[in-house]
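One structure is given below, encoded as structure tokens.
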Amino acid sequence: MGLADITARVRAAEAAAGRAAGSVQLIAVSKVQPLERVVAVLEQGHRLFGENYVQEAAGKWPDLRARFGAVAVHMIGPLQTNKAKVAVDLFDAIHTVDRPSLAEKLARLAQERGRCPALFVQVNTGEEPQKAGVLPADLDGFVERCRAMDLPLSGLMCIPPEGEDAGPHFAMLAGMAARNGLSGLSMGMSGDFEAAIAAGATHVRVGSAIFGARNYG
Ligand SMILES: *Cc1c(COP(=O)(O)O)cnc(C)c1O
């Protein structure tokens, strides 16, 4: 547990998979964590974080960036269309592009600004009704639609169903990315990031294993 331990485990998993050291980016998921825990990880030199809530991130990162310099922050939670504007100005990447209305909004904002965060399409690999994400059968069409809007797609993201072996979901996501010519794979969390790296993850999203358990109080 802790940043050093998880970083070492990421490096070991890269090596075990025959992948280059540093080919996997470790996103430290800081949502809902007390500020002192986030500061401690920044003081250890880590510069890539993940957040789930626009408002929480907007209240935290401008100050922390002023204090610590350039820090990349990725949006990994569901994004409401009416928060897209704040998100585009705050985040370096958005991992949760999951519907045409959001893609259209992001495309308009990108056009206005002349730049756009890196984008990942979230895929609902388990086809769970309560979960966000494009259904696997709709993915190729959605990617095509995003590209027609000139959106800069970096890759795909998934959150496998809880209590299921994540391996098949990671493999499915890797296959869909390859088929669509996308190199980024955002997959793997505290409990399964090593399996995700074995399956080709380029971005793992690890929260509690770095910071400790979240207290939603
Ligand atoms: C909270 C969250 C994580 C981190 O979960 P841990 O189990 O604490 O590592 C990763 N991805 C997403 C999308 C999350 O919402």
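Every read-out reported here was derived from the displayed coordinates using simple, explicitly stated rules and does not represent laboratory data. For clarity, every value in this text was computed on a predicted model and none was experimentally measured. Glycine also receives a Cβ, built like all others from the backbone with ideal geometry; neighbour counts cover every protein chain displayed.
Worth pointing out:
- Rounded, prolate or oblate (a/c below 1.5 giving rounded, otherwise prolate when a/b exceeds b/c) for the stretch 147-217 by Cα gyration tensor: prolate
- Ranking of Val204, Val38 by count of other Cβ atoms within 10 Å, fewest first: Val38, Val204
- Residues Leu156, Leu102, ranked from the fewest to the most other C-beta atoms within 10 Å, line up as Leu102, Leu156.
- Each residue of the stretch 11-16 was assigned a 3J(HN,Hα) from its phi angle through the Karplus curve 6.51 cos²θ - 1.76 cosθ + 1.60 (θ = phi - 60°); the sequence is 4, 5, 5, 4, 4, 4 Hz, with glycine and proline shown as x.
- Gyration tensor verdict on the chain (Cα atoms; rounded if a/c is under 1.5, prolate if a/b is larger than b/c, oblate otherwise): oblate
- Summing Cβ point charges (Lys, Arg +1; Asp, Glu -1) relative to the Cα centre of the chain gives a dipole of roughly 640 debye.
- Only helical runs count toward this figure. For the chain, summing -39,500 (n - 2.57) over DSSP H runs of n ≥ 4 and dividing by all residues gives -12500 deg cm²/dmol at 222 nm.
- DSSP beta bridges confined to the stretch 1-121 are antiparallel in about 0 percent of cases.
- Relative contact order computed over the stretch 12-134 (Cα-Cα under 8 Å; 6+ residues apart), in percent: 17 percent
- Sites Asp140 and Glu36 - FRET efficiency at Förster radius 41 Å, r taken between beta-carbons, to 0.05: 0.35
- Mean Cα-pair separation over length for the chain, i.e. relative contact order, pairs under 8 Å, 6 or more apart, %: 23 percent
- Per-peptide average of other Cβ atoms within 10 Å, ordering 149-155, 116-122, 60-66 highest first: 116-122, 149-155, 60-66
- The ranking of Leu48, Leu42 by Cβ neighbour count inside 10 Å, starting from the fewest, reads Leu48, Leu42.
- The stretch 120-165 and the stretch 182-199: distance between their alpha carbon centers, rounded to Å: 15 Å
- ³J(HN,Hα), Karplus 6.51/-1.76/1.60, whole Hz, each residue of the stretch 29-37, x for Gly, Pro: 7, 9, 3, 6, 7, x, 4, 5, 5
- Working from Cα pairs under 8 Å separated by at least six residues, relative contact order for the stretch 71-132 is 34 percent.
- Three-way shape label, the stretch 1-107, alpha-carbon gyration tensor, a/c 1.5: oblate
- Hz values of 3J(HN,Hα) by residue in the stretch 160-168 - Karplus curve (6.51, -1.76, 1.60), Gly and Pro given as x: x, x, 5, x, 10, 4, 6, x, x
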